[in-house]
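Following: one structure in structure tokens, then a few remarks.
The values are calculated or read from the model by the stated rules, or taken from the named source; none is laboratory data. Predicted model only: the values in this text are computed from it and were never measured. Heads up, the Cβs are rebuilt from the backbone with ideal geometry, glycines too, and the neighbour counts pull from every protein chain shown. Accessible surface is based on the protein model in full, side chains and every heavy atom, while ligands, DNA and RNA are left aside. Shrake-Rupley method; radii C 1.70, N 1.55, O 1.52, S 1.80 Å.
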Amino acid sequence: MAEIRIIGREERDEAVRLSNRTFRSPEQSSMGTAFPQVFSPELGQSYGVFEDGRLAAFMGLVPTVVKLGSASVHAMQLGSVCTAEEYRGRNYASSLLEKVIAHADRAGAALLLVSGGRGLYRRAGCHPYGRSDLFELTPASIGEGGVCPDGAACRELAAEDWFHLHRLASARRVRHDASLAELAVLLEAKAWASILGLSHRVVLAERGGLPLAFAVIGVPHDPADRAKPARLIEWGGDPDAASMLIAESVGRFGLARLTVPLPWHDRELAAALRPLSEEVKPEADRHTVKILNPERLVGQLMPYLMETQAHYAIDFSLRGLPEGGATLYLGGRTAEISGEELVSLFFDPDGMSSLDADFRRELAGLLPVPLPYEKGLNYV
């Protein structure tokens, strides 16, 4: 009989091997190297299905604190979902996901962030959210804009820069919270970059010896492989300085093309990069999220909502419904919406909604709420 439970310290290597067989090719780094938090015995969050003492299926679960202004939203990131070939077709993934969702809820998470959009997740109440655009920079599109401005210098990360790097990363209004040491681990792990076959290069823009912005650029392992597009993995600091730094990286690393994904709320950087881009197109793949507890989500978000629009925030609340939807309360108004509408209302700039125009107009002062772009340093 199959047993579903958190994997033990001694079973970590078996989980890594299963994930490697499922997701990695021989030339890629191990999943244990690229996703250390997923297989962390210290965190001890990931689940497995065991049959006759063997790991048949696995789900990686990583706790994270999402910072939105002064608010701290507790979330779980789900990834590295796999079933050994000989055990497929036994509905293990669905049973495992049910256990993982219950665990995340008991742990006090408000959100489950999922690195996939399979029917498995949709059936469990996870829904796509957000909107991102892909900016394409080339040497031709950048032109003379691909140099650091007068009075500034662009350079690669040095050993003395860690305090500066952490300060800039921590100043992002929307981010995954990370200590200086955790930031270093994520930069070394290269989670999303390793999937794309890229390596990290970290660059900074500074003026008068003070770093203004940083960017983590995923560049091809082989400089001669110019056909493979590079990609912005992470950035922080002043948006104008960051745009010049990102553009300067094209020439610095000899890139034929640099893809810069930006979520809808990174408006200042988007505005600065638009004149330097050859093309801007919507990103086809959307992230997926499950709201585990609507009341808990509003409670954890309240400091951000009060900063955004205190007049509406003090009268705003949610009450979850059995099938994943919720009842909304705002200023004497009430309305029931589905789980899919709830996710869209909270996290989509063009959210779907059955609410009347007056209700939507009042909610627009509070929602949507930005979430960090998931295909970056914190990808799971």
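Quickly run through region 140-159 and pick out the residues that are over 14 Å from ALA184 (Cβ atoms), part of a helix (DSSP H, G or I) and open to solvent by 40 Å² or more (accessible area, probe 1.4 Å).
ALA140, GLY143, GLU144
Taking the conditions exactly as written (surrounded by 14 or more Cβ atoms within 10 Å (Cβ to Cβ), of a type in the set (Phe, Trp, Tyr) and under 29 Å from VAL202 (Cα atoms)), does TYR379 satisfy them or not? Walk me through it before giving the result.
Details: surrounded by 14 or more Cβ atoms within 10 Å (Cβ to Cβ): yes; of a type in the set (Phe, Trp, Tyr): yes; under 29 Å from VAL202 (Cα atoms): yes.
Yes, satisfied.
So for region 175-191 (the condition being of a type in the set (A, V, I, L, M, F, W, C) and free of Cβ contacts under 8 Å to residues at least 12 places away in the same chain), does at least one residue qualify?
Within region 175-191, one or more residues are of a type in the set (A, V, I, L, M, F, W, C) and free of Cβ contacts under 8 Å to residues at least 12 places away in the same chain.
Condition check ((1) within 24 Å of the chain's Cα centre (by Cα); (2) more than 27 Å from LEU196 (Cα to Cα)) across all residues:
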{"position": "THR22", "(1), (2)": "yes, no"}
{"position": "PHE35", "(1), (2)": "yes, no"}
{"position": "GLU42", "(1), (2)": "yes, yes"}
{"position": "VAL49", "(1), (2)": "no, yes"}
{"position": "ARG54", "(1), (2)": "no, yes"}
{"position": "GLY60", "(1), (2)": "yes, no"}
{"position": "GLU85", "(1), (2)": "no, no"}
{"position": "ALA93", "(1), (2)": "yes, no"}
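Suppose we keep only residues that are touching a residue at least 24 places away in the same chain (Cβ under 8 Å) and assigned to a helix (DSSP H, G or I) within region 334-345. Which one would you say is surrounded by the fewest Cβ atoms within 10 Å (Cβ to Cβ)?
Here the residue is GLU340.
Out of region 105-133, which residues are touching a strand residue (DSSP E or B) at 6+ places or on another chain (Cβ under 6 Å) and either basic (Lys, Arg) or in a loop (DSSP other than H, G, I, E, B) (or both)?
GLY108, ALA109, ALA110, SER115, GLY117, GLY125, CYS126, GLY130
Filter region 73-94 down to the residues that are polar (S, T, N, Q) and more than 30 Å from TYR304 (Cα to Cα), then identify the one that is surrounded by the most Cβ atoms within 10 Å (Cβ to Cβ).
Just the residues of region 73-94 that are polar (S, T, N, Q), to begin with: 77, 80, 83, 91, 94.
Filter once more, keeping what is more than 30 Å from TYR304 (Cα to Cα): 80, 83, 91, 94.
Values: SER80: 23, THR83: 21, ASN91: 11, SER94: 11.
Among those residues, the one meeting the criterion is SER80.
For region 114-139, what are the residues that are open to solvent by less than 20 Å² (accessible area, probe 1.4 Å), touching a residue at least 40 places away in the same chain (Cβ under 8 Å), farther than 18 Å from GLU283 by Cα and of a type in the set (A, V, I, L, M, F, W, C)?
Correct list: CYS126 only.
So LEU367 ticks every box in (1) free of Cβ contacts under 8 Å to residues at least 24 places away in the same chain; (2) assigned to a loop (DSSP other than H, G, I, E, B); (3) surrounded by fewer than 15 Cβ atoms within 10 Å (Cβ to Cβ); (4) not β-branched (Val, Ile, Thr) but one. Which box is left unticked?
With (1) free of Cβ contacts under 8 Å to residues at least 24 places away in the same chain; (2) assigned to a loop (DSSP other than H, G, I, E, B); (3) surrounded by fewer than 15 Cβ atoms within 10 Å (Cβ to Cβ); (4) not β-branched (Val, Ile, Thr) applied to LEU367, the lone miss is (3).
Give the residue that is least open to solvent (accessible area, probe 1.4 Å), with candidates limited to residues of region 217-259 that are charged (D, E, K, R) and touching a Ser or Thr at 6+ places or on another chain (Cβ under 9 Å).
Here the residue is ARG231.
Only one of (1) under 28 Å from LEU276 (Cα atoms); (2) without any contact (Cβ under 8 Å) to a residue 24 or more places away in the chain; (3) not polar (S, T, N, Q) fails for CYS148. Which number is that?
The failed condition is (2).
Can you pull out every residue in region 160-176 that is within 20 Å of GLY208 (Cα to Cα), among the charged types (D, E, K, R) and surrounded by fewer than 14 Cβ atoms within 10 Å (Cβ to Cβ)?
GLU160
Yes or no: region 315-333 includes at least one residue that is touching a residue at least 60 places away in the same chain (Cβ under 8 Å), of a type in the set (Phe, Trp, Tyr) and open to solvent by less than 70 Å² (accessible area, probe 1.4 Å). I'd like the intermediate steps shown before the answer.
To start, the set of residues in region 315-333 that are touching a residue at least 60 places away in the same chain (Cβ under 8 Å) comprises 324.
After this cut, where a residue has to be of a type in the set (Phe, Trp, Tyr) as well, the list is none.
The answer is no; no qualifying residue exists.
Out of GLU295, GLU283, GLU278, which single residue is surrounded by fewer than 17 Cβ atoms within 10 Å (Cβ to Cβ), touching a residue at least 24 places away in the same chain (Cβ under 8 Å), closer than 30 Å to GLY145 by Cβ and of a type outside the set (Gly, Ala, Ser)?
Testing whether each residue is surrounded by fewer than 17 Cβ atoms within 10 Å (Cβ to Cβ), touching a residue at least 24 places away in the same chain (Cβ under 8 Å), closer than 30 Å to GLY145 by Cβ and of a type outside the set (Gly, Ala, Ser) leaves just GLU278.
Only one residue in SER243, SER179, SER194 is among the hydroxyl-bearing types (Ser, Thr, Tyr) and over 30 Å from GLU42 (Cβ atoms), so which one is that? Walk me through it before giving the result.
Details: SER179 fails: over 30 Å from GLU42 (Cβ atoms); SER194 fails: over 30 Å from GLU42 (Cβ atoms).
The unique qualifying residue is SER243.
Given (1) surrounded by fewer than 18 Cβ atoms within 10 Å (Cβ to Cβ); (2) within 22 Å of the chain's Cα centre (by Cα), identify the lone condition not met by ASP348.
ASP348 satisfies all of (1) surrounded by fewer than 18 Cβ atoms within 10 Å (Cβ to Cβ); (2) within 22 Å of the chain's Cα centre (by Cα) except (1).
Could you list, ordered by first residue, the pairs with Cβ atoms under 6 Å in which the first is in region 223-239 and under 21 Å from ARG207 (Cα atoms) and the second is part of a loop (DSSP other than H, G, I, E, B), at least 6 apart or interchain?
GLU234/GLY376; GLU234/LEU377; GLY236/ARG172
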